[in-house]
Amino acid sequence: MLIKTQSNILSSEITDKAVFESRREFIKAATVLSAGIMLPGQGHAETGKYANVPVGPYSAKLQVTDRNDVAGYTNYYEFSTNKQDSTVLAKALKTKPWSVEVVGEVEKPGVYNLEDILKDNPVQERIYRFRCVEAWSMVVPWIGFPLGDMLKRFNPTSKAKFVEFTTLYNPEVMVGQRSDVLGWPYVEGLRIDEAMHPLTMMVTGMYGDDLPNQNGAPLRLIVPWKYGFKSIKAIVKIRFLETMPETAWHRSAPNEYGFYANVNPEVPHPRWSQSRERVLGGSIFTAKRDTEKFNGYGAEVAALYSGMDLSKYF
Ligand SMILES: Nc1nc2c(c(=O)[nH]1)N[C@H]1C(S)=C(S)[C@@H](COP(=O)(O)O)O[C@H]1N2
Ligand SMILES: [Mo]
């Protein structure tokens with residue numbers, strides 16, 4: 001019998017195993033969740049730095065997108081508007097050491113080393129759906145921790161109603177920042193209850209390893225019920241504030257990209273429908289599927305928006 005080493009396991013086998021394991025863990029997580037307690041599970045990743053990290057709550061039993069597709073087709077305008085070129089260009093970014101500046105309506109502002117943040121916030125794996133505003137989608141096993149756990153350690157004041165995130169600005173390395181396709185630096189934001197929602201993740205890895213640079217290393221946001229542009233990459237600053245922050249995409253095209261950006265098949269983008277999505281994989285796109293409201297996370301998050309007109313607050 002062929003002994004399986006890390007290098008000769010077929011990726012299809014890993015996927016099948018991943019689906020099986022994640023299903024098992026999903027059941028466990030769901031049971032645990034309904035009991036209101038979180039217990040560590042068994043990670044599905046068999047190889048890589050984060051093999052066997054616990055599976056976190058909300059991880060879903062979904063067919064995972066091939067890693068090479070997720071790493072080879074990215075949106076990272078700091079490097080390029082071309083979804084393949086960022087793979088190469090982003091290699092130039094130095095992601096160690098890395099620190100995050102915390103400012104605003106918070107009792108413990110400061111500059112925090114990522115290594116120290118990670119000591120306080122042990123990582124787990126969660127398989128989430130991810131839906132881009134440009135109507136493609138994928139399923140990714142992220143490695144990270146709940147954003148809310150991290151934010152609470154900075155003791156936000158009672159005035160902290162929103163959180164703003166800023167990406168590194170360094171046009172020498174981030175060559176896309178030399179052109180003005182967007183106003184730099186990239187800025188995103190969440191309402192404080194969205195930021196504290198246990199689905200929202202700070203992500204440092206995927207597929208059992210650290211994030212590739214083009215996917216936002218060393219630290220990015222993942223908000224699975226919102227369009228991909230909310231999930232800001234290479235975060236260097238977090239600001240707590242009382243009023244809604246201006247965001248990069250909203251500033252550049254306010255009629256197209258709102259602050260909320262909740263995935264919603266009923267509210268079309270001004271230039272295209274949002275009712276269907278192309279599934280990333282194979283020869284880039286293999287299949288289409290119907291887009292789900294809140295990207296399928298409505299049971300968890302719809303209550304955050306009760307009473308709001310989601311076609312107005314898009
Ligand atoms: N700093 C920064 N963050 C960003 C982007 C970007 O251009 N710059 N693109 C966004 C968009 S539009 C999407 S769809 C996702 C894509 O994540 P991925 O490239 O890891 O698939 O990242 C988001 N985060
Ligand atoms: Mo996107």
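Annotations
- Efficiency of FRET between Arg191 and Glu115 - r from beta-carbon atoms, R0 22 angstrom, step 0.05: 0.15
- If R0 equals 35 Å, the separation of the Cβ atoms of Lys312 and Asn52 corresponds to a calculated FRET efficiency of about 0.15.
- Highest average packing first - 270-277, 173-180, Cβ atoms within 10 Å: 173-180, 270-277
- Set of aspartates and glutamates near Lys108 by C-alpha distance (under 18 Å), chain-local residues within fewer than 8 positions excluded: Asp116, Asp120, Asp149, Glu164, Glu242
- Placing +1 on the Cβ of every Lys and Arg and -1 on the Cβ of every Asp and Glu, with nothing else charged, gives the chain a dipole about its Cα centre of roughly 260 debye.
- Förster radius 25 Å - calculated FRET efficiency between Ala302 and Arg276, Cβ distance, rounded to 0.05: 0.75
- Coil-residue trypsin sites (Lys or Arg not before Pro) of segment 71-123, DSSP, other Cβ within 10 Å capped at 11: Lys94
- Rolling a 1.4 angstrom probe over the chain with all protein chains present gives an accessible area of which 54% lies on carbon and sulfur atoms.
- Gap separating the Cα centres of segment 68-129 and segment 132-194, nearest whole Å: 9
- Net lengthening on full extension, Lys108/Asp85 (0.36 nm per residue, minus Cα-Cα): 4.4 nm
- Over 17 Å [Cα-Cα, segment 204-305], rounded percent: 65
- Packing rank of 218-230, 60-72, where each peptide gets the mean count of other beta carbons within 10 Å, highest leading: 218-230, 60-72
- Taken along the Cα-to-beta-carbon direction at a fixed 7 Å, the label points for Ser252 and Arg178 span 1.8 nm.
- Average silhouette area of the chain, convex hull of alpha-carbon atoms, in square nanometres: 16.5
The values are calculated or read from the model by the stated rules, or taken from the named source; none is laboratory data. Since this is a predicted model, take the numbers as computed values, not measurements. Methodologically, a virtual Cβ is constructed for each residue, glycine included, from the backbone with ideal geometry; neighbour enumeration extends over all protein chains shown. Just so you know, the surface numbers come from the protein's heavy atoms only, side chains and all, with ligands and any DNA or RNA stripped out. Shrake-Rupley method; radii C 1.70, N 1.55, O 1.52, S 1.80 Å.
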